[in-house]
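One structure is given here, and the rest of the page talks about it.
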């Protein structure tokens, strides 16, 4: 059955190819550092499930050490502006087809094989259907792009390396933060924070409890980098016992607005690296926090809006009691 | 309280601009040590969680395709399209993408977007081109970075405050599961319904900010 293990092997092809390209490039100042970083990343993605946890952890530390010493991107030969303009005018709107094929294949695959069964056979792990479809979409798109643009032979890997180098260590940060979230949960960070919120303010009116719950969701999401990690702890600590049970708040309203308050936190934290830090690298911003700087005003205004909606709609007798 | 040392390390480390991979590793070791877990145990834990989260690397598989298309002038083409539309401003381009991203996410189509597949090759060049046409020339680095950051933000805000309106999305399933553990039952439809006011507010607030961005860009030009 195609599941997470197969997906990991597929995902490993990209850093593996980039590592090989670096190894063959005699010009880069940090040739072996780059080779090692992307090679170890590929190894973890492909073989991690079959290696002991401690070995995997050691390999992660090797990557951290190499990234800390510095991965410098060396220029890769690509096309110049004039050549791009010529090809763009020749290919026209066809250029968009491979790019749009990725979401299109993902969508069709997800909808048509929702239960993972193809012709009655359980071929795909039902929980991974979207990711399998996304992988397939990437393969189809690459095939289309190769047919359409007819690049020289080494170009696909060289272009991939150009983009991977420009993203750099930020590419593995989301997985590191997932690991940190696991360590925080195991160390009981959540309980300390939830207890802190409960003890810090007297939650004696619905409005104060609502503010504590929504702001708590946002702040705790900022710490964990993920609203899904914050929701069980904040809802178990404040949402359920106080906002819902004690003050009689409607559970659907409280939970829905608690969750979107968490999303407001996601917009404001570097811990949500795949949304905030990786895009800054993908778009080659000079400021690592550039995306967060643009998002926080919207996040704060929306958080205030959420508090207002929750406080005025969730309680049967109104919040003023 | 000492388990919070990890959070303090994160804040200080990020503020000092140290390599985030190093900061995260040290923070994990510190918090775990405060809770009585030894370094060997923590390293194994990091190894397992890192491998368990390997699905996060799948979207990067789009990179070779995007690289090839950029090589063949995809960004040039995206710019040319917007350059020919006189009424398309940076703010309006981004507003259109915000609406598209939010509506498709609300229908459960969250894979129609993303920073690698959509923002870098298509949305950001279009938003930049609109301003370049108005300024009649290349953008200075500050303006360019600000427009790009806005392009990334629009993708995030659109998907976050769209997807919650879709009843079969992960966050609603999580809400049901957590409340059910405590004997409280809610219907997915009710939860999705109460995500709608925030979805509308997100569009109005952020859309308004995008139109303000247009005004600011115009004044600078």
Calculate the spin-label point distance for residue B:173 paired with residue B:40, positioning each point 7 Å from the Cα along the beta-carbon direction, and give it in nanometres. 3.8
Cα gyration tensor shape of segment B:2-52, rounded if a/c is under 1.5, else prolate or oblate by comparing a/b with b/c: oblate
Using only Cα atoms and rounding to the nearest 10 degrees, what angle (0 to 90) does helix A:251-266 make with the longest principal axis of chain A? 50
What is the pair-distance distribution P(r) of chain B, computed from all Cα-Cα distances in 10 Å bins starting at 0, with each bin given as a whole percent? 7, 22, 25, 28, 14, 4, 0
Normalised Cα Rg of the protein assembly as shown, dividing by 2.2 N^0.38 Å with N its residue count, works out at 0.97
Among B:185, B:111, B:31, residue whose mean-square fluctuation peaks in a GNM of chain B (springs only between Cα atoms under 10 Å): B:31
Comparing B:33, B:57, B:105 in a Gaussian network model of chain B (Cα, 10 Å), the one with the largest mean-square fluctuation is B:33
Give me B:218, A:127, B:77 ranked fewest to most by other Cβ atoms within 10 Å of their Cβ, as a rough exposure proxy. A:127, B:218, B:77
Helix axis angle, A:96-112 relative to chain A longest principal axis, alpha carbon, degrees: 50
Who wins for biggest fluctuation among B:195, B:138, B:30 in a Gaussian network model of chain B, springs between alpha carbons below 10 Å? B:30
Take A:296, A:94, A:169 and order them by how many other Cβ atoms sit within 10 Å, fewest up front. A:94, A:296, A:169
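Evaluate the relative contact order of chain A (contact order divided by residue number), counting alpha-carbon pairs under 8 angstrom at least 6 apart; express in whole percent.
15
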In the P(r) worked out for segment A:4-168, what percent of Cα pairs fall beyond 20 Å? 62
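For chain B, calculate the relative contact order in percent as a whole number, restricting contacts to Cα pairs under 8 Å that are 6 or more residues apart.
Reported as a whole number, the value is 19 percent.
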Segment A:4-168, relative contact order in percent, only Cα pairs under 8 angstrom and at least six apart counted: 26
Under 1.5 on a/c is rounded, so check that first for chain A, then, if it is not, pick prolate when a/b is larger than b/c and oblate when it is not; a ≥ b ≥ c are the square roots of the alpha carbon gyration tensor eigenvalues. prolate
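How high is the FRET efficiency from residue A:62 to residue A:83, r the C-beta distance, R0 45 Å, rounded to 0.05? Walk me through the numbers before you get to the answer.
On the way: r = 39 Å, r/R0 = 0.87.
About 0.70, to the nearest 0.05.
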Separation of the residue A:113 and residue B:134 label points, Cα + 7 Å toward Cβ, nm: 4.5
Expected sort for A:106, B:89, A:130 with the fewest Cβ neighbours (10 Å cutoff) up front is A:130, B:89, A:106
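Every number here is computed from the coordinates shown, using simple stated rules; none is lab data. Since this is a predicted model, take the numbers as computed values, not measurements. Glycine gets a Cβ as well: all are built from the backbone with ideal geometry, and neighbour counts include every protein chain shown.
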